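This report refers to the structure that appears directly beneath it.
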Amino acid sequence: TAPGTSAQLTALSAAAVLESRARPGECDVTVVEGIDANFDAGGSGKLDIYATALRGCREELGVDISTNDVSILAFGVDMTYYQWNFMGMVDIKLTADEVIAQHALHAKDRWEGKIEHVKLDAVTVFERMRQNKIWDCGLVTAYLALSKKCGARQTREAAEKVFGLPNRKAPWHQ
């Protein structure tokens, strides 16, 4: 496994699917999968982030997807956990209830967390994240995925409604 490097994906269908994970009392994006050189390198021997995403959806959700369902939206570092992350979105062709059923029946790593259906509405998703806490990169991943799925303006307005207006005193706003 590449230490501290993962693919974070927000799975979106007709609803957002959030997961409670290893940090008690916190929610997270649907899939957080470590990149593994043994499993995620193609015939060329080069790491393939899409292979990580496919494996993550299969192991953590019990859902098979294609590379066409995956959008990598950003790459960044979480300064709290010192973890590099590819942040993206998976457009799953199943309903949230079907994803939850697949998780219960087929997810190899279902013990890692409980998934739940949340209405695909940026305000609703952000409210859930504010109530249950989420780590910084998880929030950024969800923000980017919602921006792609629901529109950047709607997502920004929802974030401002739930979290408040940005602090304009930051140095980059001077």
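The values are calculated or read from the model by the stated rules, or taken from the named source; none is laboratory data. Bear in mind the structure is a predicted one, so any value in this text is a computation, not a measurement. Cβ: placed from backbone, ideal geometry, glycine included. Neighbour counts: every protein chain shown. These area figures cover heavy atoms from the full protein model, side chains too; ligands, DNA and RNA do not enter into them. Shrake-Rupley method; radii C 1.70, N 1.55, O 1.52, S 1.80 Å.
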Name the residue, out of M87, M79, M129, that is within 16 Å of C57 (Cβ to Cβ) and touching a residue at least 40 places away in the same chain (Cβ under 8 Å). M87
Given E116, E60, which one is closer than 25 Å to G25 by Cβ, under 13 Å from the mean Cα position of the chain (by Cα) and modelled with pLDDT under 95? E60
Picked from region 38-65 (must be among the aliphatic types (A, V, I, L, M) and within 24 Å of A104 (Cα to Cα)), the residue surrounded by the fewest Cβ atoms within 10 Å (Cβ to Cβ) is A51
Inspect region 148-163 for any residue being more than 23 Å from P24 (Cα to Cα), in contact (Cβ under 8 Å) with a residue 60 or more places away in the chain, basic (K, R) and open to solvent by 70 Å² or more (accessible area, probe 1.4 Å) and give the result as yes or no. yes
Scope region 101-123; condition over 30 Å from E160 (Cα atoms) and surrounded by 15 or more Cβ atoms within 10 Å (Cβ to Cβ); matching residues: Q102, H103, A107, D109, R110, E112
Filter result (β-branched (V, I, T) and assigned to a helix (DSSP H, G or I)) within region 101-142: V123, T124, V125, V140, T141
Check whether at least one residue in region 15-35 is out of contact with any Asp or Glu (no Cβ under 7 Å at 6 or more places or on another chain), surrounded by fewer than 23 Cβ atoms within 10 Å (Cβ to Cβ) and modelled with pLDDT of 85 or more, and report yes or no. yes
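Rundown of residues vs (1) farther than 19 Å from L139 by Cβ; (2) among the charged types (D, E, K, R); (3) more than 17 Å from the chain's Cα centre (by Cα), yes/no style:
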residue	(1), (2), (3)
R55	yes, yes, no
T67	yes, no, no
V77	no, no, no
Y81	no, no, no
